[in-house]
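For reference, the structure discussed in these notes is given below.
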C-alpha cells in the first residue's frame, strides 16, 4: 500500500518538486538539510524575543477581543439574571486586565532589550 501511495505521489509531482531535490528520499533529505543551513543566523536573541512577544501580543489581543464579544453576548442574553450578568461583566473585566498585562509585559521586554543593547 505504501509503495502505491509513493508511486501516486511521485506521478503527481513528477517534473516539479520531485526533480527539484533529486527525486529520491535521500535527495529530499539533503535538500532539506541544505535549506536549514541557509537560515538567517544573524538575528540576535533580542530580535528573537521581540518577534516572539509581538506575535504573542497579537494572539492575546485577538483572543481578548473574542472573549469580550462572547461575554458581551452573554451579558445581553442574561435575561435579567444578576448572577449571569455579573459573570459576564467579570469576564470582560478579566479580558481587559489580560490585555493590560500583555501590553505591560511587551513594554517591559522592549525596555530591557533596548537597555541591554
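The values are calculated or read from the model by the stated rules, or taken from the named source; none is laboratory data. As the structure is a prediction and not an experimental result, all values here were calculated from the model. FYI the Cβ positions are ideal-geometry reconstructions off the backbone, even for glycines, and counts take in every protein chain you see.
For segment 76-117, which residues satisfy the criterion of being surrounded by 14 or more Cβ atoms within 10 Å (Cβ to Cβ) and farther than 20 Å from residue 57 by Cβ?
78, 84, 85, 87, 88, 89, 91
Name the residue, out of 68, 96, that is closer than 30 Å to residue 115 by Cα and either touching a helix residue (DSSP H, G or I) at 6+ places or on another chain (Cβ under 9 Å) or at pLDDT 60 or above (or both).
None of the other options fit; the residue is 96.
Would you pick out the residues in segment 78-117 that are under 30 Å from residue 50 (Cβ atoms) and in a loop (DSSP other than H, G, I, E, B)?
Across segment 78-117, the qualifying residue is only 117.
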